[in-house]
1. What residue among L12, G25, I124 has its Cα farthest toward the positive end of the dipole of the chain, where the charges are +1 on Lys, Arg and -1 on Asp, Glu, each on the Cβ?
2. If amide H atoms are built 1.01 Å from N in the plane of the peptide, which residues on other chains or at least 5 residues away come under 5 Å of the amide H of T113?
3. Suppose R0 equals 22 Å. What FRET efficiency, 1/(1 + (r/R0)^6) with r the Cβ-Cβ distance, do F136 and D73 give to the nearest 0.05?
4. I'm spelling it out carefully: the read-out is Cα Rg over 2.2 N^0.38 Å, the candidates are [x] 1.56; [y] 1.18; [z] 1.04, and one was derived from this structure. Which label?
5. Kindly express, to the nearest 10 degrees and within the range 0 to 90, the angle between helix 27-47's C-alpha long axis and the longest C-alpha principal axis of the chain.
6. How high is the relative contact order of the stretch 1-118, in percent, with contacts defined as C-alpha pairs under 8 Å that are six or more residues apart?
7. Pull out a ≥ b ≥ c, the square roots of the eigenvalues of the alpha-carbon gyration tensor of the stretch 94-145, then state rounded if a/c is under 1.5, prolate if not and a/b is larger than b/c, and oblate in the remaining case.
8. Using only the alpha-carbon atoms, how far is helix 93-105 inclined from the longest principal axis of the chain? Give it as 0 to 90 degrees, nearest 10.
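Values in this text are rule-based calculations from the coordinates and carry no lab data. All of these numbers come straight from a predicted model, not from anything done at the bench. Cβ coordinates were reconstructed from backbone atoms using ideal geometry, including for glycine residues, and neighbour counts include every protein chain displayed.
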Amino acid sequence: MGFILKERLKGLKVAIKGWNLEVFGKPEEKRRELVAEILALDHKSETVGLSQGEVDTRKAKFDDLWRLLKSIDASIFQRSRSKWLKVGDANSSYFHSRMRARKKINGLVTLNTATGWAEGPAQIRAATVDFFRAHFDSPCWERPK
C-alpha cells in the first residue's frame, strides 16, 4: 500500500510540474520578451510613430508586464518564506538576508511622469514632491450632497 501511494505521489508531482509549466510558463523568458516588444514599439514610435492599435497594444503589453512582475515578486516572496520556515527562525540571519534581498527587489528605480521617465533618487524625489505639491495646492471642490 505504501509503495503504491509513493509512486502515485511521484506521478502527481510530475503532472503538477507539467501543468505549472503549461499554465505559467517561464516567467523570466516572458518578461524578456515583453520588454523587447515594448522597446521595439518605443523605437518605432520615436522614428515613424504608432497607430492607435499599436498604442493600445503597447498599453496592453505594459499591463501584462506589470502583472507578470507582480507574479514573479509574489513567487519570490513565497519561496523565501517557505525556505525561511524550513531553515531558520524569526530572528535568524537567514531571515534578515531574505528581507534585505526583497528590499532590493522592491526598490523604485524609475518613475513615469507627465514629462517623461525620472531616473535616479534625486529625479524620483523631485517628481514625487512636485506631484504632491500640485495635488495639495489644487483648489478644493465641494462634494455633491
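1. L12
2. Amide H to amide H, under 5 Å and 5 or more residues apart or across chains, T113 pairs with A118.
3. Efficiency for this residue pair is about 0.10.
4. Only one option fits the structure, namely [x].
5. Roughly 20 degrees between the two axes.
6. 16
7. It is oblate, given that a/c is not under 1.5 and a/b is not larger than b/c.
8. In the chain, helix 93-105 runs at an angle near 40 degrees to the longest axis.
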